[in-house]
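The values are calculated or read from the model by the stated rules, or taken from the named source; none is laboratory data. Given the structure is predicted, the values throughout are model-derived calculations rather than measurements. Cβ: placed from backbone, ideal geometry, glycine included. Neighbour counts: every protein chain shown.
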Amino acid sequence: MRRYPKGYGGERRDPEQVKRDGWREQGVLVIAEDDQRLTWPERELVKQLGSKLYGKRSGKDVCHG
């Protein structure tokens, strides 16, 4: 049986689990601007924060569904 260093080989973590772990362990929050779990005002706040911190987005046709 072959052993791989942590993070190499084996099973991949679900992207939502990676986001959850990032928040809980590092205080890093990853949010898609079109996340349907958020209300409209919450999505607008995410867009405003992203624009303030990183500038306007050039491609508005990105779907994260």
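For segment 1-53, the set of residues classified as part of a helix (DSSP H, G or I) and among the hydrophobic types (A, V, I, L, M, F, W, C) consists of Val18, Trp23, Trp40, Leu45, Val46, Leu49, Leu53, listed by residue number.
Restricting to segment 50-65, and then to whatever is more than 21 Å from Glu16 (Cα to Cα) and modelled with pLDDT of 90 or more, can you tell me which residue is surrounded by the most Cβ atoms within 10 Å (Cβ to Cβ)?
Result: Ser51.
Filtering segment 25-62 to residues that are farther than 20 Å from Pro15 by Cα and among the basic types (Lys, Arg) leaves Lys47, Lys52, Lys56, Arg57, Lys60.
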